[in-house]
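The values are calculated or read from the model by the stated rules, or taken from the named source; none is laboratory data. Since this is a predicted model, take the numbers as computed values, not measurements. With ideal geometry, Cβ positions are generated from the backbone for all residues, glycine too; neighbour counts draw on all protein chains shown. Ligands, DNA and RNA are excluded from the accessible area calculation, which covers all protein heavy atoms including side chains. Shrake-Rupley method; radii C 1.70, N 1.55, O 1.52, S 1.80 Å.
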Amino acid sequence: MRRRRAAVAAGFCASFLLGSVLNVLFAPGSEPPRPGQSPGPSPDPGPGRRGGRGELARQIRARYEEVQRYSRGGPGPGAGRPERRRLMDLAPGGPGLQRPRPPRARPLLDGAPGWPPAPGPGSPGPGSSGPGPRLGCAALRNVSGAQYVGSGYTKAVYRVRLPGGVAVALKAVDFSGHDLGSCVREFGARRGCYRLAAHKLLKEMVLLERLRHPNVLQLYGYCYQDSEDIPDTLTTITELGAPVEMIQLLQTSWEDRFRICLSLGRLLHHLAHSPLGSVTLLDFRPRQFVLVDGELKVTDLDDARVEETPCTGSADCTLEFPARNFTLPCSAQGWCEAMNEKRNLYNAYRFFFTYLLPHSAPSSLRPLLDSIVNATEYQHLPGSTIPQEDYGCWPSYHHGSCLLSVFNLAEAVDICESHAQCQAFVVTNQTTWTGRQLVFFKTGWSHVVPDPSKTTYVRASG
């Protein structure tokens, strides 16, 4: 009897230990959600920030108004919601992507706005060559091959095959994602938090429509449906692409990599001169792009911004990157000049061009490629200097400025790179007793004046 009790106790302890390990390994958020996976019940509301539900309603309204701004002046009449059906019931008689229904959540916040108008018809459907009817919920009946593709901070992406055989991507708010989960923990309002997160998806949908271009992912349609305990959840239907993997791209031919860079160059020009104005991608990384038949296309636009940065002086117009910073002029209208375009250019350089262009390039093109890649480095301004833009450094030959001696130009660049304040340096015609060149390191380069005895090098973003 005593042995039996000991065995039962040992088994209970082992089961408890195994369960604890599994809970740690497969805690919510540690593994991407799979089709059919339940996000579990809503957590208890946390203490919340100051303002509580009112703060959540304010954030929802701010995102609502942002989408409204981008929606104004959209394509022709006819904008509205397509017919409704439960999107996650993807397989007749089967569970598809449907998830178990969690406990009922609290009602939507008072004062929170409804949905802004969605874009109207006009985007071509998959396999069509021109504008046509937008896909709606009816197009998702009897789809097959539903597969989880991936998820990010806010959204989850699935791949499905339409009855006609065309594969498309479905994007929806990730119910077990970080964005929705952190909001629910803070405000305890599941419906309101869903609406806050879904406005990112709606913003992306509107921008995909307004920024239509061969290097912008095509929006095929969208569907509103009731999912879990939340009405009117939104799912978008888009073109399907392959994720950008830099390691794989470096193993492709130079011609294929050049084609990708050419696609990116065309996209940069389009974003700088779009119908909405100059658009910048605040989250500009390879994972925000996909490849479709060898063409690079931007797919993630929920972090895009159209407005230029307001300013009162050039000090407000600093672009900060891990390796270097850039200072741009502040216009008379109070906006940083071309900051959106400069940010896109430099991000394209540091994430794409610097890796894809020089490697194994044809020898006849290398001088031109060097010029392109180095266009984001220091600009050489002979016979000029920057007055009254000094900062103190240690050690320095001068009390009120940063005056150091260098062996050559490369050492001057290295010193400027190591100083967070340095935006330019001026090489004088003087040398020290050891023969090293004297260099003033500067904080800015807005004012350049002629000086035949000096040569200025300034950081430039293209």
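Observations on the model:
- Test: residue 247 is in contact with a helix residue (DSSP H, G or I) (Cβ under 7 Å, 6 or more places away or on another chain) and in a helix (DSSP H, G or I): no
- All positions within segment 405-419 that are of a type outside the set (Asp, Glu), surrounded by 11 or more Cβ atoms within 10 Å (Cβ to Cβ) and either assigned to a loop (DSSP other than H, G, I, E, B) or out of contact with any strand residue (DSSP E or B) (no Cβ under 6 Å at 6 or more places or on another chain) (or both): 407, 409, 413, 415, 419
- Residue list for segment 213-239, restricted to those being outside any strand (DSSP E or B), open to solvent by 10 Å² or more (accessible area, probe 1.4 Å) and more than 26 Å from residue 62 (Cβ to Cβ): 213, 214, 218, 239
- Here residue 178 meets the list (1) within 26 Å of residue 271 (Cα to Cα); (2) at pLDDT below 90 almost entirely, failing just condition (1).
- Answer residue from segment 306-315, given it is surrounded by fewer than 16 Cβ atoms within 10 Å (Cβ to Cβ) and not aliphatic (A, V, I, L, M) and is nearest to residue 155 (Cα to Cα) among those: 307
- The lone criterion from (1) over 30 Å from residue 343 (Cβ atoms); (2) part of a loop (DSSP other than H, G, I, E, B); (3) modelled with pLDDT under 80 left unmet by residue 396 is number (3).
- Qualifying positions in segment 427-462 - part of a loop (DSSP other than H, G, I, E, B), among the hydrophobic types (A, V, I, L, M, F, W, C) and modelled with pLDDT of 75 or more: 448
- Number of positions in segment 283-293 that are assigned to a loop (DSSP other than H, G, I, E, B) and either within 10 Å of the chain's Cα centre (by Cα) or at pLDDT below 90 (or both): 3
- Only residues that are touching a residue at least 60 places away in the same chain (Cβ under 8 Å), of a type outside the set (Lys, Arg), touching a Lys or Arg at 6+ places or on another chain (Cβ under 7 Å) and open to solvent by less than 20 Å² (accessible area, probe 1.4 Å) were counted across segment 138-174, and they come to 5.
- Of the set (1) under 21 Å from the mean Cα position of the chain (by Cα); (2) buried (at least 18 other Cβ atoms within 10 Å of the Cβ); (3) β-branched (Val, Ile, Thr), all apply to residue 247 but (2).
- For segment 186-212, a residue qualifies if it is within 24 Å of the chain's Cα centre (by Cα) and either assigned to a loop (DSSP other than H, G, I, E, B) or of a type in the set (Lys, Arg) (or both), and the qualifying residues are 195, 200, 203, 210, 211, 212.
- Of all residues in segment 176-203, those that are of a type in the set (Ser, Thr, Tyr) have Cβ atoms under 7 Å from Cβ atoms of residues that are at pLDDT 90 or above and not in a helix (DSSP H, G or I), 6 or more apart or on another chain, in 194/173.
- Filter result for residue 344 (in contact with a Ser or Thr (Cβ under 8 Å, 6 or more places away or on another chain) and modelled with pLDDT of 85 or more): yes
- Any hit, segment 320-338, residues being outside any loop (DSSP other than H, G, I, E, B), open to solvent by 70 Å² or more (accessible area, probe 1.4 Å) and not assigned by the TED database to the domain that holds residue 264: no
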